[in-house]
Amino acid sequence: RSRRAGEAGRAASDDLAGGSDTGRAPASIPPTSISRDDARPRSEPIDAPSTTDEDLVLPAACATMKLLEEAFTKGGGGHVRLVPDNPEDMWHLYNLVRVDDHVDAVTFRKVTRGGGDEHAGAAESERVRVRLRLRVEDVAYDGEGDAVRVKGRNTTETDSVKLGAYHTITLEPNRPVKIEKDEWDVLDVDRVRELSDPAAAADLAVLLITEGLANLALVGASVTTFKAKVEKAMPRKSGAAQMGYAKALETFHRNVLAAVERCVDFSRVKCVVVAGPGFAKDAFMRHVDATLARTAGRDAKTGGGTKLASEHRRTFVECHASTAFRGALREVLENPAVQALVADTKAAAEVRALDDFFETLADRPDRALYGPAHVLAAHDMLAVDVLLITDALFRTRDAGERRRWARTVEEVRGAGGKTHVFSAG
């Protein structure tokens, strides 16, 4: 079959950065597709020993050991034991754990001892460390704390927690967790593969800056996380307040640079994009250059200095943005110069896909379909070239609904089409 080059699309939020504190797209739109020229009736659907990890918090270096154990088959049951390492991993973990799964991890439980009778004395409470296996009833994502909270009934009786008692386990980075499922579908398998891919970590930082306001974001393969916001009340440039303007601007730039040094891991991040309106970004970069020049001599004498070093200066790139608010992140990612730097990331591919979809919708509306009914009708005729779908559909409690969309994604891929599964908060 011949596929029209360049026909692609995307289902995502109207604002890649808006609404959510983590910068994740908060809204989702129905499944979207771009159809083929050679549509035809659809053929038949495409068929698609345990070790114990140490109950300790692992060091950050465990990034190379995320997937500790894998024992499952696609379409069948099994488990994985893994160690999330960063916010990107926690988002994948949130999407991987579903209702009726079993989660095995170390947690803490408040236990009351004594106080049973008048001779026992006052009751005392203490927090004890226990290992529990829960049958999941609810999953919540905490973007601020980089954690996933799993609530369910205990299926392993211990001295501290009775069998069948409710408990909430907080899953955090660098803590091992075991996930068991009765059925691993194609989306679960893809999620595990992406989770264990070292290239999935955030490799792009974007600093949106104007006078008195700066937002710092880390852009990963699936997750955009806003790590810092710096604000400073700026005096007027004229009048009596003019004397304090230069000092206030210096303080603001110093605070922004401190946030960059605190949040950006220069051993991983390949590029730091500094974007904003007017000359604010130029002024900040002059401050960076002055700081590096001022500390270069001191570093040579003392062997210390700031986290930002001279060799990191080449990772900074400037580009224009109409504002320093979070909504400008999408504008930055659409910039051709930035896209050239992050051409191999999922975020850039999704931005290009969205642009192509809207262009197709405007130029040839009969070729761009959206909404479950129209997309499934096109799929029945094998007319889907690119399928765009949000992962919110796969977090449904309706197992049949999830199974239907997972099967659709697998069949589109099997028929030679492309699929984009977008993150939605």
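The numbers here are math on the coordinates, done by the rules we state, and not lab data. Just so it is clear, the structure is predicted and the values come from calculations on it, not from any experiment. Using ideal geometry, Cβ is built from the backbone for each residue, glycine included, and neighbour counts are taken over all protein chains shown.
Pairs to check: K247/K307; K229/K281; K247/K281. Give those whose C-alpha atoms are more than 20 Å from each other in this structure. Too far apart for the 20 Å limit: K247/K307. Among the lysines, which fall within straight-line cross-link reach of K74, defined as a Cα-Cα distance under 21 Å, with same-chain neighbours fewer than 8 residues apart omitted? In chain and number order, the partners are K66, K178, K181, K418. For L216, neighbours were defined as the other residues whose beta-carbon sits under 10 Å from its Cβ, and their charges (Lys and Arg +1, Asp and Glu -1) total +3.
Most tightly packed first, judged by the mean number of other beta-carbon atoms within 10 Å of their residues, the peptides 333-340, 172-179 read 172-179, 333-340. Using the Cβ-Cβ distance between E157 and V128 with R0 set to 22 Å, the FRET efficiency from 1/(1 + (r/R0)^6) comes to roughly 0.90. Most tightly packed first, judged by the mean number of other beta-carbon atoms within 10 Å of their residues, the peptides 396-404, 183-191 read 183-191, 396-404.
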